[in-house]
Structures are given as structure tokens and as C-alpha cells.
Amino acid sequence: MNKEIDCPLHYTMNLIGTKWKPLILFHLLEGGLRSGVLQKQIIGISNKMFTQTVRELEKDGLITRKVYPVVPPKVEYALSKRGKSLETVLRSLDKWGLEDVKS
């Protein structure tokens, strides 16, 4: 049997357990964002890492990518239904961080 399936936390961490994935997902909780706007909200992420991370999130079905046929190209990312199901987890992590910083 697959170890990821045997351990749900291992499975989840493989999906969202990098430095950047939870941040991108968290910033999309309020709705879709254009690529440039989203990237600016993720302080410290390089263009290469941003592109790699959103591609992985899209491949895993956590975000959607919509390309508008305009010049210059407009790309918007949003949470998929599967990505939205992480809202409670992401908001809990944010709340924990806020409380821990205060203590």
C-alpha cells in the first residue's frame, strides 16, 4: 500500500508543504488574482519559484489558471473547489501565527 495513503498528514504535506504553496493558496482565499498581483503579495518569491509553484498547484488541482486573450497577456489564478476545501486549515495556520507572534 502507498505510504502517502497510509498517512493522511504525509499526503497533505506533499501537496501543500513547501515554503510557498500555503502562502499562494492563502492569498487566493478572497478570490482570483492576476499573476503579477499575486506574485507581489508573496514577499521574497522569485519569478522562477512563483511559476514553478503555481504550476504544481495547478497540476495538483488546487488552483485554476485562466488566460485572457489580450495583449499583453493576462493570467488569473483562483482556488479550485479542492483548493477552497483547505480554507479552514490555512486560516487556522494564519491565526496560530498571529497569536504566537504576540506571545
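Each residue in region 36-60 was checked for being within 15 Å of Asn14 (Cα to Cα) and either of a type in the set (Asp, Glu) or in contact with a strand residue (DSSP E or B) (Cβ under 9 Å, 6 or more places away or on another chain) (or both), and 6 pass. For region 32-45, a residue qualifies if it is in a loop (DSSP other than H, G, I, E, B) and farther than 19 Å from Leu93 by Cα, and the qualifying residues are Gly32, Gly44, Ile45.
Contact map, region 43-64: first residue open to solvent by 70 Å² or more (accessible area, probe 1.4 Å), second residue not hydrophobic (A, V, I, L, M, F, W, C) and not in a loop (DSSP other than H, G, I, E, B), Cβ cut-off under 9 Å, separation 6 or more or different chains; pairs are Asn47/Gln39; Arg55/Arg65; Glu58/Thr64; Glu58/Arg65; Glu58/Tyr77. Filtering region 81-103 to residues that are open to solvent by 90 Å² or more (accessible area, probe 1.4 Å), assigned to a helix (DSSP H, G or I) and of a type in the set (S, T, N, Q) leaves only Thr88. What do you reckon, is Lys102 out of contact with any Pro (no Cβ under 7 Å at 6 or more places or on another chain) and at pLDDT below 95? Judged against the criteria, Lys102 is a match.
The values are calculated or read from the model by the stated rules, or taken from the named source; none is laboratory data. As the structure is a prediction and not an experimental result, all values here were calculated from the model. Positions of Cβ are generated from backbone atoms using ideal geometry, with glycine treated the same way; all protein chains shown enter the neighbour counts. These accessible areas exclude ligands, DNA and RNA; they are computed on the full protein's heavy atoms, side chains included. Shrake-Rupley method; radii C 1.70, N 1.55, O 1.52, S 1.80 Å.
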